[in-house]
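Take a look at the structure set out below.
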Amino acid sequence: MSYSKQDIERRMEGALASLASEFAGLRTGRASVNLLDSIQVPAYGGVTPLSQVASVTVSDTRMLSVNVWDKTVVGAADRAIRDSGLGLNPVMDGQTLRIPIPPLNEERRVELTKIAGKYAEAARVAVRNVRRDGMDDLKKAEKDGEISEDRHRALTEEVQKLTDAFVKRVDEALKAKEAEIMQV
């Protein structure tokens with residue numbers, strides 16, 4: 001039988017982890033090192049993630065510090081952050097870029113909550129797809145005579161409970177992110 005509760009849980013946890021990383025990239029008006037995760041810097045004859053050419057720290061709730069290790073890359077890192085579409089304007093201070101995080105306006109907050117909702121829905125779909133795969137495995141196992149009808153019913157309920165629990169966790173994560181975004 002190919003059904004495995006651990007495998008289903010692991011895959012559902014993966015959907016939640018993916019949601020968490022998506023949420024981390026949403027700008028909330030508060031400084032977060034994850035805000036700059038997606039930024040690519042043209043350096044050393046190619047394109048390199050910012051995290052591989054600098055260290056990013058939170059100075060205070062509205063300020064990020066990017067300490068670029070190689071001074072020849074400071075200008076490229078500055079341009080990459082400005083061109084990222086995040087609405088950030090770094091201030092050069094030697095090899096360090098100070099990035100003030102401007103407060104969000106109401107329109108942008110509403111837009112970000114909608115984006116967060118889309119991310120959450122994608123996570124719910126991923127969880128439900130894992131559920132469907134598990135149910136298909138159970139159906140096949142019952143059809144092939146590997147498990148009884150009663151065992152099939154019990155395992156189906158187990159998969160459904162797991163699904164409900166993970167969807168609830170997605171909803172809770174969304175509610176928390178929306179509250180964080182809407183906080184002034």
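Observations on the structure shown:
- Asp171-Lys71 FRET efficiency (beta carbon distance; Förster radius 41 Å; 0.05 resolution): 0.30
- Once exposed loop chymotrypsin sites (Phe, Trp or Tyr not before Pro) are cut out (DSSP; at most 13 other Cβ, 10 Å), longest piece of the chain: 70-184
- Helix-only arithmetic for the chain: the sum of -39500 (n - 2.57) across DSSP H runs with n ≥ 4, divided by the residue total, places the mean residue ellipticity at 222 nm at -19500 deg cm²/dmol.
- Selected from Pro100, Pro42, Pro90 as most flexible by GNM, with the chain as the system and alpha-carbon contacts under 10 Å: Pro42
- Under 26 Å, Cα to Cα: Lys pairs in the chain, sequence gap 8 or more or different chains: 19
- Estimated FRET transfer efficiency when R0 is 22 angstrom, pair Arg128-Ala20 (beta carbons, to 0.05): 0.75
- GNM flexibility winner over the chain from Leu19, Leu155, Leu174 (Cα, springs under 10 Å): Leu155
- Separation between Cα centres of the range 1-73 and the range 122-177, rounded to whole Å: 30 Å
Values in this text are rule-based calculations from the coordinates and carry no lab data. Just so you know, these numbers come straight off a predicted model, no measurement behind them. Backbone-built Cβ (ideal geometry, glycine too); neighbour counts: all protein chains shown.
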